[in-house]
Amino acid sequence: MIANEPKQIILLGYMGSGKSTVGKELAVLLEREFIDLDDYLEEREKASISQVIQEKGAIYFRKREHDCLKEVLEGDEKIVLALGGGTPCYYNNMKLISQSNEAISFYLRAAVPFLTNRLFDERAHRPLISRFEQQDDLAEFIGKHLLERSGFYNEATHNLSIENKTVNQIVAEIEDLL
């Protein structure tokens with residue numbers, strides 16, 4: 001264990017940046033509970049995020065996401081929390097995270113080409129990008145999204161490039177910063 005470690009370690013970044021994978025490994029290393037906010041919300045709603053959005057709309061989904069984030073941040077457990085890719089961008093969620101005295105956040109950053117290559121073969125499992133048939137179209141979509149979201153992502157306590165690093169290297173880098 002690390003002296004004076006924060007109660008919550010929060011991982012954020014674009015889809016495909018490895019938030020859940022890194023988070024699970026970090027939680028094991030630090031002997032903490034791992035929470036994926038998307039999974040947490042799905043458990044609360046008893047439906048997949050795709051179903052929630054389809055049945056109740058994106059605004060409802062983002063509001064519930066905010067409520068779930070607040071609920072998790074108000075908990076007493078020491079956790080590693082992986083946010084959804086869009087979570088930091090809505091309902092002042094980054095402000096909520098930044099103002100917490102018990103949280104430290106890490107932006108797992110990657111460039112558009114890296115994310116495009118990583119996500120292209122995963123399209124079928126990711127509703128937001130499932131419609132893209134061409135890598136160039138996906139790259140354009142990711143580029144626009146990153147441009148819109150980067151201001152929020154860059155509010156994280158730490159900004160880490162994840163490109164060409166193993167999960168263990170990223171975990172060790174986070175551990176060194178704690």
Worksheet item: How about the range 140-178: which of its residues are among the β-branched types (Val, Ile, Thr) and not in a helix (DSSP H, G or I)?
Response: 157, 162, 166
Worksheet, complete the sentence: The lone condition residue 4 fails out of (1) closer than 18 Å to residue 109 by Cα; (2) surrounded by fewer than 18 Cβ atoms within 10 Å (Cβ to Cβ) is (1)
Worksheet item: Which one is modelled with the lowest pLDDT, of the residues in the range 16-46 that are within 26 Å of residue 56 (Cα to Cα) and of a type outside the set (D, E, K, R)?
Response: 16
Fill in: Subset of the range 118-139 (residues that are assigned to a helix (DSSP H, G or I) and more than 22 Å from residue 171 (Cβ to Cβ))
120, 123, 124, 125, 127, 128, 129, 135, 136, 137, 138, 139
Item to complete: Any residue in the range 16-38 that's at positive phi: show its pairings with residues that are buried (at least 21 other Cβ atoms within 10 Å of the Cβ) and aliphatic (A, V, I, L, M) at Cβ separation under 7 Å, as long as the two are six or more apart or on different chains.
Response: 16/115; 16/119; 18/108; 18/162; 18/170
Practice prompt. Within the range 116-170, count every residue that is touching a residue at least 60 places away in the same chain (Cβ under 8 Å) and within 26 Å of residue 91 (Cα to Cα).
Written response: 12
Worksheet entry | Given (1) of a type outside the set (Gly, Ala, Ser); (2) more than 17 Å from the chain's Cα centre (by Cα); (3) closer than 17 Å to residue 153 by Cβ, index of the condition residue 81 fails | (2)
Worksheet item: Quick one: which helices (runs of 4 or more DSSP H) sit completely within the range 4-78 and have at least 2 residues that are within 25 Å of residue 146 (Cβ to Cβ) and of a type in the set (D, E, K, R)?
Response: 19-30, 37-45, 58-73
Response to the item:
In the set 63, 46, 56, the lone residue that is without any contact (Cβ under 8 Å) to a residue 40 or more places away in the chain, at positive phi, surrounded by fewer than 20 Cβ atoms within 10 Å (Cβ to Cβ) and more than 16 Å from the chain's Cα centre (by Cα) is 46
Worksheet entry | Residues satisfying the stated conditions in the range 127-143, i.e. surrounded by fewer than 17 Cβ atoms within 10 Å (Cβ to Cβ), at pLDDT 95 or above and either under 29 Å from residue 104 (Cβ atoms) or not charged (D, E, K, R) (or both) | 134, 135, 143
Item to complete: Among the residues of the range 144-162, write down those that are among the aliphatic types (A, V, I, L, M) and surrounded by 14 or more Cβ atoms within 10 Å (Cβ to Cβ).
Response: 146, 156, 160, 162
Discussion item. With the structure loaded, tell me whether residue 97 is assigned to a helix (DSSP H, G or I), of a type in the set (Val, Ile, Thr) and surrounded by 15 or more Cβ atoms within 10 Å (Cβ to Cβ) or whether it fails that test.
Written reply: yes
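The values are calculated or read from the model by the stated rules, or taken from the named source; none is laboratory data. Please read these numbers as outputs of a predicted model, since none were measured by experiment. All Cβ positions, glycine included, derive from the backbone under ideal geometry; neighbour counts span all protein chains shown.
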